[in-house]
Every structure is written in structure tokens, then in C-alpha cells.
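Working notes for the structure below.
The values are calculated or read from the model by the stated rules, or taken from the named source; none is laboratory data. From a predicted model like this one, the values you see are computed outputs, not experimental measurements. Ideal geometry is used to build each Cβ from the backbone, glycine not excepted, and the neighbour counts take in all protein chains shown.
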Amino acid sequence: MAPLLLYTIALVGSIALYFVLRPGTFRVRTAAGLLGLGTVIYFGAMVAREAGGLANDSPVLYGLFGVIAIYGAVQMVVNRRPVMAALHFVLVVIASAAMFLLMQAEFMAFALVIVYAGAILITYMFVLMLADQAQNENDVRAMAEYDRTPREPVTAVIVGFIMLAVLSDALYGKGHAALKAPETATAEADARAWRALEVFGPSLEKAVAAVAPGYRRIVVIEGGDAVRVENDKAFVTVIDAEGVRREVQLDPAARPGNTTEVGLALVADFPASLELAGVILTMAMFGAVVLARRQIELGEDQRREVMGMRRLTVDDHEDLISPGDRA
């Protein structure tokens, strides 16, 4: 794909997003939204043609989750309601995580959900609870200025244009070599995955039994490992049913997948960090709920005072006396 075409597509999409962000009439924003949608569709078609199709059997799912992610991202930055923006942010995270799962990148999917849908979203909830909320969400004029008008949309559009143009040119531009994982890193990952099979005793025994039925036991080789990896192949030394020591090759299907490796790393290597993250996120969620409840109670107290009724919240002894008793 020609670099000039990539830059033109990114520029047109950025201009459309700018007119969606800035205050304007409904017709202008609708036209800009349609232009941006057309740009996204054209860009996706060009990328699919240059890439020669997707590397798996789920092109429909890729397209579906891609459209959902783009829709959620646009709504996240143009929606005037903070709560709806947060919900669309969650939609973007879930759609992106689903696409990572389709690419068999389970770690990236888990990281997206834990970091963004967990920590960052809870921080965003604190901001929502502390911000001034309009009495009527349908009345845009009652909202605060920072909820009605986007801040520095030009800067955001320029940064987005540069990122999209550079990444697209690096991935699909002419003159760039295909991005491939180094062979050394791939071999190390395969060896690490096969050795992780030793942690799961029953899984290793089942894999050995499939290629050496009736074996007596597995022999531990030098270094304390039971599995030997060579040229992307895994071998195990066993004592077979006849008492003869021999080496057998494991079935490649017995290799632990990415999901198994991620789960093993989280539970075996980082158990304390995983538990601490869960406790912190849970307490932060409780804090956000308490702040929201406090804000609702304060609003109810104001209405009850106007009606001459006793407040729901008590700050001191004077609050126990109703306005009628004070008179």
C-alpha cells in the first residue's frame, strides 16, 4: 500500500473525527460521522487486501469486533454523558480483548481486561463520583462545561492521526520487511511451554501414555528435567512395559497453549501480586459505591430540608433536631 494513500486515509478520518468532536449542528456532526465510517470501511478493505486475508478462519468475527471497537471508541470521546462514555470505554476494551483472543494472544487479552477494565475504569469511576452531576441527564445545558465541550480536540486529533499513519505505514507500507518473531525467541518459547508440561503431572503422564502405552515410569534426565526439547520437538525418556529404557517423542498437540502458560505464570510465579490486585480493585469499587451513595444522600437531605423534614445524614447533635423544633 502506498504511503501517500495511508496518510490520506488517516488525514480524512482525523478531519471527520474533529468535526464530530467540536460543537456544531446535527447535520454537520452526522455528515462527519458518515465520512469517518466510510473511511474506516475503506481502510479495513485496503488492509485486508494488502494482507492477503486474515491468518485464521474467523474473518467475520474480526470484522464484527473491529466495528464494535471503533464504534465504542468514537462514542467514548464524543458522548456528553460521562457514565455513557465509561460504558463505551468498557465496550472498546472487551472488543479489543476478543480480537486478541482470536489471534491467540491470551496474555494481551487478560492484560487489557485487568488493567483497563479494572484499574483505570475504577479510577474513572472515582472521577465520575467526585464530578458535578447534572440534576437532569437529558438536559445538556445543566451539565458542567467540561462535560459539554471537549478539551483540546485539535491536539487529540493530531496525535491520533500521527499514530495511525505511522503504525499503518510500519505494518502495511511498501519497503518494510514483514514483522516476524525472531527464531531464537520462538524456540525459547516452545521450550518453555514444553517444560511447563512437567508442572502438570497428570497432563505429562497422559501425553506419555498416548505415545508409549503401558510404560512403567518417566526417567528424569540430567538437569532435573523430564522433557528434552530439540528443534521444536519434545522427547521424554521412559521405561516401557518390557523394562527397556527408550526415548519417545511427544505429540505436538500435547504442548500447553498460551492460556495454560498465562494461568501458570499468574498462579505459580505471581500469586501475591494477583491477590493484592484483586483486593485493591475490590476496595476501590467499594469506595466508588460509598462516594456515589453519599452524593445521593446529600441530594436527598437538601430536598427534605426544603420540606421541613429531618435529614437522613447526621453530622452533629443539631442535625437531630428538626427545623420545626428549632423554631
With the condition kept exactly as written, say whether any residue in the range 205-214 is loosely packed, with under 11 Cβ neighbours inside 10 Å, more than 36 Å from the chain's Cα centre (by Cα), touching a residue at least 12 places away in the same chain (Cβ under 8 Å) and farther than 27 Å from Leu102 by Cα.
yes
Among the numbered conditions (1) under 30 Å from Ala111 (Cβ atoms); (2) part of a strand (DSSP E or B); (3) among the hydroxyl-bearing types (Ser, Thr, Tyr), tell me where Thr259 comes up short.
(2)
Of all residues in the range 214-256, count the ones that are assigned to a loop (DSSP other than H, G, I, E, B) and hydroxyl-bearing (Ser, Thr, Tyr).
1
Suppose we keep only residues that are surrounded by 15 or more Cβ atoms within 10 Å (Cβ to Cβ) and within 15 Å of Leu204 (Cα to Cα) within the range 240-259. Which one would you say is farthest from the chain's Cα centre (by Cα)?
Val248
Just give me the residues in the range 103-124 being among the aliphatic types (A, V, I, L, M) and either without any contact (Cβ under 8 Å) to a residue 60 or more places away in the chain or not assigned by TED's automatic domain parsing to the domain that holds Gly63 (or both), in sequence order.
Met103, Met108, Ala109, Ala111, Leu112, Val113, Val115, Ala117, Ile120, Leu121
If I ask for residues that are touching a strand residue (DSSP E or B) at 6+ places or on another chain (Cβ under 8 Å) and more than 11 Å from Asp225 (Cα to Cα), which ones from the range 191-205 would you list?
Ala191, Leu204, Glu205
I need the full set of residues from the range 199-213 which are part of a loop (DSSP other than H, G, I, E, B) and modelled with pLDDT under 75, in order please.
Val199, Phe200
Take the residues of the range 79-88 that are in a helix (DSSP H, G or I) and at pLDDT below 75: which is surrounded by the fewest Cβ atoms within 10 Å (Cβ to Cβ)?
Val83
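Please tell me if Ile15 is modelled with pLDDT of 80 or more and either hydroxyl-bearing (Ser, Thr, Tyr) or touching a helix residue (DSSP H, G or I) at 6+ places or on another chain (Cβ under 6 Å) (or both).
Criteria not met by Ile15.
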For the range 229-239, give me each residue that is over 17 Å from Pro213 (Cα atoms), surrounded by fewer than 16 Cβ atoms within 10 Å (Cβ to Cβ) and of a type outside the set (Lys, Arg).
Glu230, Asn231, Asp232
